[in-house]
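Have a look at the structure below, then the notes.
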Amino acid sequence: MAARASVSKVQSHRKLPILLFDVMDTLVRDPFYQDIPAFFRMPMKELLETKHPTAWVEFEKGLINETELTKKFFKDGRHFDLEGLKDCMRKGYYYIDGIEPLLHNLKQNSYEMHAFTNYPTWYLMIEEKLRLSDYLSWTFCSCTIGKRKPEADSYQEVLHHLGVEPSSCVFIDDRIANVEAARNAGMVGIHFKNAVSLRERLSSMGINTSCETNRTTGDDESIGSH
Ligand SMILES: Nc1c(NC[C@H](O)[C@H](O)[C@H](O)COP(=O)(O)O)[nH]c(=O)[nH]c1=O
Ligand SMILES: [Mg+2]
């Protein structure tokens, strides 16, 4: 009984809604579309025709590791410079314009925030470069939960883990299929276009995106240093 009372006390103090963020092309630029074809010196069409059809998705789901990915990245099993590819990815990761100050303000306003992303273990390279964990938790990464958006069970896994009503979750993603799947799961889905419109949309929902500290002190130096 005492345990139950303390759980409900904790939950009653939990700030809602919980914000769930897609990462690639929502918070962080995805280097895949421009940098990777350039790295392999082939147009995207040729890259897509020569790549293994499922290897990347298997890597994102944690079904294969980096060594196995290297062996089957290309359909014909050709060798390539994995470290070079990873360096190219690292260089191409940076915050989408306006996102870091927005995350900073949301964090200052005590919102609970999680990544809900399709990505392999290379999310650690993003973390190393951009320190996304200053703002949110890498709680729902496809390589650790073994499920990818827009599969319905990935959203159920998130809801089960968080233990809140779907309507208490705001999900933000640049891919409309992922947003629609979130809405089907009962979450509030926001289709990400850019940081300005996201800030407006969150504010219109009553989510505080302003930074009171910065307003009074004018001190904004800690943001955008990554
Ligand atoms: N096929 C490869 C990709 N594709 C890009 C992925 O779609 C994307 O990085 C990822 O699935 C994130 O999706 P979401 O933002 O969670 O919807 N990227 C690579 O780096 N390499 C590939 O072979
Ligand atoms: Mg995305």
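Values quoted throughout were computed directly from the atomic coordinates according to the rules given, and no laboratory measurement underlies them. Worth saying up front: this structure is predicted, and the values here are computed from it rather than measured. Glycine also receives a Cβ, built like all others from the backbone with ideal geometry; neighbour counts cover every protein chain displayed.
Structure above, values below:
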{"read-out": "Residue-span extension gain [Val196 to Lys15] - 0.36 nm each, minus C-alpha spacing", "value": "62.8 nm"}
{"read-out": "Length added when fully stretched, Asp76-Lys91, from 0.36 nm per residue minus Cα-Cα", "value": "2.7 nm"}
{"read-out": "Gain on full stretching of the segment that runs from Arg131 to Ile207 - 0.36 nm per residue minus C-alpha separation", "value": "25.0 nm"}
{"read-out": "Taking Thr117, Thr70 and counting other C-beta atoms within 10 Å, the order from fewest to most", "value": "Thr70, Thr117"}
{"read-out": "Folded to 0 to 90 degrees: helix 152-162 orientation relative to the chain principal axis, Cα", "value": "40 degrees"}
{"read-out": "Cα-based helix-to-principal-axis angle, 195-204 vs the chain, degrees rounded to 10", "value": "30 degrees"}
{"read-out": "Three semi-axes of the equivalent ellipsoid, region 40-85, Cα gyration tensor, whole Å, largest first", "value": "17, 13, 9"}
{"read-out": "Peptides ranked, highest mean first, by Cβ atoms within 10 Å: ranges 135-142, 146-153", "value": "135-142, 146-153"}
{"read-out": "In degrees, nearest ten, helix 99-108 long axis to first principal axis of the chain (Cα)", "value": "30 degrees"}
{"read-out": "The chain: calculated mean residue ellipticity at 222 nm from DSSP helix runs of at least 4, using -39500 (n - 2.57)", "value": "-12500 deg cm²/dmol"}
{"read-out": "Estimated FRET transfer efficiency when R0 is 22 angstrom, pair Ala38-Leu63 (beta carbons, to 0.05)", "value": "0.20"}
{"read-out": "Overall Cα dimensions of region 48-122, principal axis frame, Å, largest first", "value": "51, 24, 21"}
{"read-out": "Convex hull volume per residue for region 134-215, taking Cα atoms only, in Å³", "value": "119 Å³"}
{"read-out": "Charge sum, other residues only, whose C-beta stays under 15 Å from Glu58's C-beta, Lys/Arg counted +1 and Asp/Glu -1", "value": "+3"}
{"read-out": "When the chain is reduced to its Cα atoms, the Kirkwood hydrodynamic radius in Å", "value": "19.0 Å"}
